Amino acid sequence: MIWLEVLATLLREIVRALVVPIRLLCYLPRRHHWRRVAREVLDGVAQERTDTTADPHVALAAFFAKARPPRGARPHLFLSAGEASGENHAERLLHELGDAVRCTAFGGSRLQQAGAELRFGLTEHAVMGIVGVLKQLPLILRAVASYLRLLRDDPPDLVVLVDFPGLHVVMAKLAKRRGIPVLHYVAPQYWAWGPWRMRRYRRAVDATLTILPFETAFFERFRIPAAYVGHPLLDEPEEPHEQQEVRDTKAARERDADTLVLLPGSRRHDIRRNLPGMLRTAAALRRDHPGLRVVVPHENPRRAELLRELLAAANVDYVEHHIGPLAPWLERARLVVAKSGTGSLASCLRGAPTVVVYQLAGFLSALGYHNILSVPWIAAANLIAGREVVPEHCFTGDEGWRGVQDSVRRLWPEGEPRDTMIAGLQGVRQRLGSGGASARTAGIIRRFLGVPAAPSAES
């Protein structure tokens, strides 16, 4: 019976994929409407003061109304993370929950070390895109089968899915059919790409937790219970780990006058697409500033070989490559060139002047960017501010890197453009509110499951 349901789920998803072109055609005549909606939401939220201390009980009333007494002596939580960044958030969340719950999980070794009973190593086989899904289809089907067995044999009191909406929305629907409540932490960016997916999302989850202050208003428009909990990046420790390569000395905290940091992205295809153009940008700046120090840091050791390969191919022996936390490099960089995503926002939150890039894969990606994107910017810092704080460049082909080089040259020296950006980045940081996203999310889960609140640090 389990495998029959797995195959039925697969067939439903195949049908959904086949009708995507039809949905796109239906969306195109209304794309201007959705762009107006997005602009209204961003303008409205930009005028409001972000409050991460607000009690989520009102916003999530429909979610809390579904709470039931735990099935066992200790509430059973199912927690799933589909890639490394999501596992970071899930690990911090599990630490905040402590022994309050019994946790089974899909994820990786970090969740297992944090106390979860690991049922499937999902983050060890992170899958992105249609080609990635097809390559890993047997693994995905095994994951779904394992999940269905869990729902049947040891049903959790609450399913918490972290980011990774592709597979997680499917998993959410499977839980909802069995009457198991679902909470999604790190809401998907459907407000930017394909708002029509919001209706399916509303049927799949009981509530969603947003990490950008403007997102809640989008989900509320579709009657999806949503609360802003803050951004998990603000939960990262300010002090570096004792083993990281750059020590937290006074010199490391000060911005070096000659350091350019390049962040090409976390995934292999992002690195291959962005790093060559970033290196050409660095070379152009280095011609004007011969003492320029160029650093390519990366958090994932599994990307080290690829980075070394690309650096060797570009014949740039002056470029440094470091594996480890990004924060020390972002704190000392005079300027950062970052692929749009978590890395670019991390750079902005560290106060580093940043140029955001997104090189599109080809014609179809460019067509989607110009016709499907419903928000006016791609950089999270600009969306948070409701205006352009950092320059962003979205393009196809190598010609687009000329614009990136112009932005880098404009922001490198002291002057009004650089000062204006630094002031704008301070505003972005203030708009996100205080840290504590993991603790707030844990508090929501505790309230739903009826377990005592965690003792305060003062007690």
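Under a model in which nothing but the beta-carbon of Lys, Arg (+1) and Asp, Glu (-1) is charged, the chain shows a dipole of about 1960 debye around its Cα centre.
Summary of packing: across the peptides 429-442, 330-343, the per-residue average of other C-beta atoms within 10 Å ranks them, highest first, as 330-343, 429-442. Of the residues LEU24, HIS89, PHE120, the one whose Cα sits farthest toward the positive end of the charge dipole of the range 12-123, with +1 on the Cβ of Lys and Arg and -1 on the Cβ of Asp and Glu, is LEU24. Going by neighbour counts of Cβ atoms within 10 Å, the residues LEU449, LEU79 line up, fewest first, as LEU449, LEU79. Going from the residue with the fewest nearby Cβ atoms within 10 Å to the one with the most, ILE211, ILE378, ILE372 rank ILE372, ILE378, ILE211. Taking other Cβ atoms within 10 Å as a rough exposure proxy, PHE164, PHE78 sort from fewest to most as PHE164, PHE78. The peptide list 96-109, 296-309, put in order of mean Cβ contacts within 10 Å with the highest first, becomes 96-109, 296-309.
Every Cα-Cα pair of the range 250-431 was included, and the share exceeding 27 Å stands at 21 percent. The HN-Hα couplings worked out from phi for the range 114-123 by the Karplus form 6.51 cos²θ - 1.76 cosθ + 1.60 (θ = phi - 60°) are 7, x, 7, 8, 6, 9, 7, x, 5, 6 Hz, whole numbers, x standing for Gly and Pro. If you take the Cα centroid of the range 217-238 and the Cα centroid of the range 438-452, the two points sit 15 Å apart.
Counting only aspartates and glutamates at least 8 places from LYS176 when in the same chain, those with an alpha carbon closer than 13 Å to its own are ASP157, ASP206.
Since every read-out is calculated from the coordinates, none of them should be taken as a lab result. In this text, all values refer to a predicted model and were calculated from it rather than measured experimentally. Reconstructed Cβ throughout: ideal geometry from the backbone, glycine too, with neighbour counts over all protein chains shown.
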